[in-house]
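The values are calculated or read from the model by the stated rules, or taken from the named source; none is laboratory data. Worth saying up front: this structure is predicted, and the values here are computed from it rather than measured. Cβ sites come from the backbone with ideal geometry, for glycine too, and all protein chains shown count toward neighbours. Accessible surface areas use protein heavy atoms only, side chains included; no ligands, DNA or RNA. Shrake-Rupley method; radii C 1.70, N 1.55, O 1.52, S 1.80 Å.
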Amino acid sequence: MAVIVIVGAQWGDEGKGKVVDIYTGFADIVVRYQGGNNAGHTLVVDDRKTVLHLIPSGILHSGKRCVIGNGVVLDLNVLLEETAALRAAGHFQNDSQLVISEHAHVIMPYHRSLDAAREAATGNRIGTTMRGIGPSYEDKIARRGVRVMDLYDPARLRAKIEERLAELNPYFVQHGADAFDVQAVFDEIIAHAERIKPFVSNVSVMLNEQIQKGRHVLFEGAQGTLLDIDHGTYPYVTSSNTIAGGACTGGGVGPTAITGVIGISKAYTTRVGGGPFPTELHDELGKRLREAGEEYGATTGRPRRTGWIDIVALRHAVRVNGLTGLALTKLDVLQGINEIKLCTGYKADGQVLTEFPLDSSLLERCEPVYESMAGWNQPISDIREFDDLPANTQRYVNQLESLLDIPIVLVSVGAGRPQTIVRRNPFRDERKKRDSNP
Ligand code: IMP
């Protein structure tokens, strides 16, 4: 049995959707364990683009079960829009393909308004996706959130909405927004509740049973390590644990069940929203990476900030996630650049730092220390074997492997599913092991 967690090793948008989609082919169950519809996976399958914000991309494979764990915050509108769009496109024809934790928290309409009102009041300081993610997690931690199970206890649901709006409505009015009507919010949520009922279940029980039976499970992280609420560039982070440990708390499985953790990194770095970014490029090269890599947010359409690959930050990701392998995406975007830089250290306040600082003001002062490598001009998007890549491309990948001291298990050379060089696949390895030791 293989239970693999896949996590973003940078600031999100590493191309997780495609990598997850490839490994999903070998898994039986795919689980989202944190975040909400602040994530966005753009998938290109048979030349058709599908963007999913909430439902695991595994839903595109008929016969796979997709799970939304208790650690996720759930916008019911988005969930229902996605199920409808998937069905219209001929996917998700069987209800049993989707399982939603009864313990997941619900993003309420007032959470979205609160996110927007706060960002407006602070001049978009954090640059949130304004999907109500932070306010929903706040209510969860403050023990006043609405859980999926509350949707089926109308009296409890109404009391929670009443209690929350009694506190929030004066804030909205004070900030020039409309107050919410308790009955209208209640009616909207109750209407959605009936429609999602067939999917609601105890995910922890189900997952542990399936793992016991030897099923292959893939936990799909959203956002990235540096956006983790504890291990990211606080306060410029999202409100959940994006790192591999989040799979345990957000799925209800113990750490001993996890058999491997794959991080995903682009061959360079991007970030959306505010916060420090030591290797950011503000010049023509930065623009070139943005255009060649189509670096515009799948969720908000915002242009992403771009820069060189950052080994200091990636080493941090290797450590806090316990990565057993790294998938390197968008390698083709670097093609045609004569000199490629890798940041191997930071200088700040007259010192050289080798560990990634989690103090955002210190990180802001960090100057990257670079090592340079020669680039390549040949297009690589049609290459399917690692040994057929240009020598300098291979050298770049090998250098990353040696600086990070973990195997690079997959290299992506284009957006399409076939444009991938899979060097190691933990699910396939596990199947082989099982076949040779029946
Ligand atoms: P929130 O998750 O909407 O609260 O936003 C908090 C921070 O996380 C902001 O800087 C967002 O731009 C960033 N963020 C949230 N989701 C993603 C994502 O999927 N990719 C990249 N950045 C994200």
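The figures follow:
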quantity	calculated
Linear extension gain, R428 paired with I190, 0.36 nm per residue minus alpha-carbon span	81.4 nm
Largest-first ordering by accessible area, 1.4 Å probe, given options H91, H282, H41	H282, H91, H41
Rotationally averaged projected area of the stretch 297-438 (alpha carbon convex hull; nm²)	11.4
Cα centre as origin, Lys/Arg/Asp/Glu Cβ charges: the chain dipole, Debye	780
The stretch 98-111 - phi-based ³J(HN,Hα) in whole Hz, Karplus 6.51/-1.76/1.60, Gly and Pro as x	10, 10, 10, 5, 5, 9, 5, 8, 9, 7, 8, x, 6, 5
The stretch 105-198: projected area of the alpha-carbon convex hull, averaged over directions, in nm²	6.1
Net lengthening on full extension, D382/R87 (0.36 nm per residue, minus Cα-Cα)	103.0 nm
Protection-proxy order for peptides 416-422, 307-313, each taking the mean of Cβ atoms within 10 Å per residue, highest first	307-313, 416-422
Sequence of V72, V51 when ordered by accessible area, the most exposed leading, probe 1.4 angstrom	V51, V72
29 Å Cα-Cα reach of K140 towards lysines, excluding residues that sit fewer than 8 places from it in its own chain	K16, K160, K197
By accessible area with a 1.4 Å probe, ligands and nucleic acids excluded, highest first: order of T354, T344	T354, T344
Spin-label pair S436/V173, simplified geometry with 7 Å Cα→Cβ offset, distance in nm	7.2
Solvent-accessible area of E209 with every protein chain in place, 1.4 Å probe, in Å² to the nearest 10	100
Average Cα contact separation per residue, the chain, under 8 Å, 6 or more apart, as relative contact order %	20
Paired Rg and Dmax values of the stretch 1-121, which use every Cα atom, in angstrom	14.8, 50
Accessible surface of R434 - all protein chains present, 1.4 Å probe, nearest 10 Å²	110
Amide H contacts of I100 (H built 1.01 Å from N, under 5 Å, at least 5 apart or other chain)	I68, V200, S201
Nonlocal amide H pairs with G325, under 5 Å, H built at 1.01 Å	V261, G263
Label-point separation, E401 to N202 (7 Å along Cα→Cβ), nm	4.5
All-pairs Cα distance distribution in the chain, expressed in whole percent, bin size 20 Å	26, 56, 17, 0
In sequence order, calculated HN-Hα J values of the stretch 166-176 (Karplus, 6.51, -1.76, 1.60; Hz; x Gly/Pro)	4, 8, 7, 4, x, 5, 4, 5, 4, 9, x
Label-point separation in nm, R144 to L80, each point 7 Å along Cα→Cβ	2.6
Other-chain or far-sequence residues with amide H under 5 Å of Y296's (modelled H)	R304
Nearest 10 degrees, 0 to 90: helix 426-436 Cα axis against the chain principal axis	80
Per-peptide average of other Cβ atoms within 10 Å, ordering 22-34, 110-122 highest first	22-34, 110-122
Rounded accessible area of E355 (nearest 10 Å², 1.4 Å probe)	110
